[in-house]
Structures are given as C-alpha cells and as structure tokens.
1. With loop defined by DSSP as not H, G, I, E or B, and exposure as at most 13 other Cβ atoms within 10 Å, which is the longest segment of the chain clear of exposed trypsin sites (Lys or Arg not before Pro)?
2. Grab the Cα-Cα distance for residue 217 and residue 71, subtract it from 0.36 nm times how many residues apart they are, and report the gain in nm with one decimal.
3. Relative to the first principal axis of the alpha-carbon coordinates of the chain, what is the inclination of helix 7-18, with its axis defined by its Cα atoms, in degrees from 0 to 90 and to the nearest 10?
4. Let a ≥ b ≥ c be the square roots of the eigenvalues of the Cα gyration tensor of segment 87-150; is it rounded (a/c under 1.5), or, if not, prolate (a/b larger than b/c) or oblate?
5. Using only Cα atoms, locate the centre of segment 14-67 and the centre of segment 74-145, then give the distance between them in Å, rounded to an integer.
6. For labels at residue 154 and residue 9 in the simple 7 Å Cα→Cβ model, what's the distance in nm?
7. Would you please give the FRET efficiency between residue 44 and residue 108, computed as 1/(1 + (r/R0)^6) with r the Cβ-Cβ distance and R0 = 25 Å, to the nearest 0.05?
8. Evaluate the relative contact order of segment 1-66 (contact order divided by residue number), counting alpha-carbon pairs under 8 angstrom at least 6 apart; express in whole percent.
Amino acid sequence: MSFNEKSADLARHIMRQLDPTLAERFGILIQFLADNPEAASAIRGGKDLAIGSEEYIRRQAENFIRSRDPRAPSPPSTVPDEMVGFIIHKYFDVPATELERAVELHNLSMGAENLVGDILERYIASVVEDHGWVWCSGSMVKAVDFIHRKPNGDWATLQVKNRDNSENSSSSAIRHGTTIEKWFRTFSKKKGDNWHNFPKIVNVTLSEAGFRKFVDSYLEGIKNAS
C-alpha cells in the first residue's frame with residue numbers, strides 16, 4: 001500500500017485521536033507527500049514499513065507530535081577525549097588547574113550548538129504556521145523543513161539552516177534540481193545574520209531580535225517545567 005487520494009483524510013482522522021490541534025497541519029503534510037511520494041522519509045527502525053501505508057501514517061503522526069515536544073540543551077553523553085585537554089594545555093597555554101572547567105564548557109557549548117537549529121525551526125514555525133505554512137517536524141520530508149500549498153494548488157517548500165556551511169552533501173544532493181528554496185541564518189566566515197534575505201513566504205517579520213526573544217522564553221519555559 002502507498003499514498004492515495006484518501007491519505008490526507010486518514011491522516012487528519014488519526015491525528016484527531018492523538019492531538020486535534022495538529023490534525024489540519026498533519027493532513028496538509030500528508031497531502032504533500034501523497035503528491036510528492038519521492039520526498040517521503042522512511043521511518044527509522046521501520047525498514048519493512050511501506051511508505052504511505054496506514055501504519056506508516058500513524059507512526060509518522062506520533063513522530064510529528066513527539067518532535068514538537070520541548071527539547072532541553074544537553075552536553076554530549078560520550079566520555080571526553082583526554083587528549084583534548086592536553087592539547088588545550090600545551091598549545092593554548094591553558095593552566096592545568098583550569099582544564100577541567102575548559103573541557104566542561106566545551107561540552108556545554110557543543111550541547112547548545114546542537115540545539116540551535118532545532119529552536120530556529122521552532123521560532124520560524126511559531127510565526128509562519130499561523131499563515132498556512134506547516135513545519136515538517138520529525139524530519140518527515142527529505143531536505144524540506146516547511147511546506148505551503150499555494151492558491152493555485154502548487155507546493156512551496158523551504159529548507160532552513162542555522163549557518164551557511166551546515167548543509168551536508170546528502171541533503172544538498174536531494175535538493176539539487178528541485179524547487180526547494182534554501183535559507184540560512186548566520187555566516188561561518190563573518191559576523192552578522194541573514195534574516196533580511198529570509199524568503200518572502202508570508203507578510204511577517206522575522207529577525208535576530210525576535211529569535212533571541214523566542215529562545216529566551218523557550219528556555220525559561222523548559223527550566224521552569226523541570
């Protein structure tokens with residue numbers, strides 16, 4: 001079984017049982033995949049699950065919800081390589097008494113950096129989803145983070161990245177030859193942001209100041225809930 005003309009209605013029905021507030025958005029997303037089945041991502045751990053089947057749609061509905069749950073920054077769970085501290089000490093002349101704290105801050109920085117892209121998508125979603133766009137939470141669509149159905153029935157697709165050098169080769173290859181629009185927030189070789197080049201997908205204002213305010217509120221909410 002694969003996607004068919006009833007897939008979007010089935011998606012809405014399934015989502016109403018799980019989270020009625022997301023039923024319409026999930027239905028739009030499944031309609032996009034029904035129209036563009038080659039863009040559908042396989043489910044991790046569901047190798048034998050047919051893309052577009054009822055069980056696929058149900059599992060993706062759960063994934064769609066789960067990926068919207070708040071995520072707290074967390075440092076890597078792996079044990080730090082002691083050689084990192086040794087190099088910091090020998091080459092950058094960090095005193096041995098400060099190495100433990102330096103490595104700790106490095107790990108915290110990595111944890112924060114790993115979360116920025118996720119919060120960036122949440123910020124954009126908090127604005128554009130009120131204007132007909134849908135955040136493809138759960139990485140359900142290959143190389144696409146947001147979709148929108150135009151009045152003429154065509155689809156608009158957008159991929160967002162936190163930095164200009166953060167797209168991997170596989171994602172770039174998927175996007176090649178498609179109409180997927182790409183945007184990044186910051187530059188890897190210079191200071192400043194790229195919000196002024198954000199695609200004119202809706203008549204709203206997105207900015208670094210707005211993003212910072214969103215991040216502050218988002219993290220405060222997580223801290224207060226813990």
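1. 48-188
2. That works out to 51.2 nm of additional length.
3. The answer is roughly 60 degrees.
4. Prolate.
5. Centre-to-centre (Cα) distance: 28 Å.
6. Here the modelled spin labels are 2.9 nm apart.
7. Calculated value: 0.35.
8. Result for segment 1-66 is 41 percent.
Read the figures in this text as sums done on the coordinates, not as results from a lab. Worth saying up front: this structure is predicted, and the values here are computed from it rather than measured. Virtual Cβ from ideal backbone geometry, glycine too; neighbours counted across all protein chains shown.
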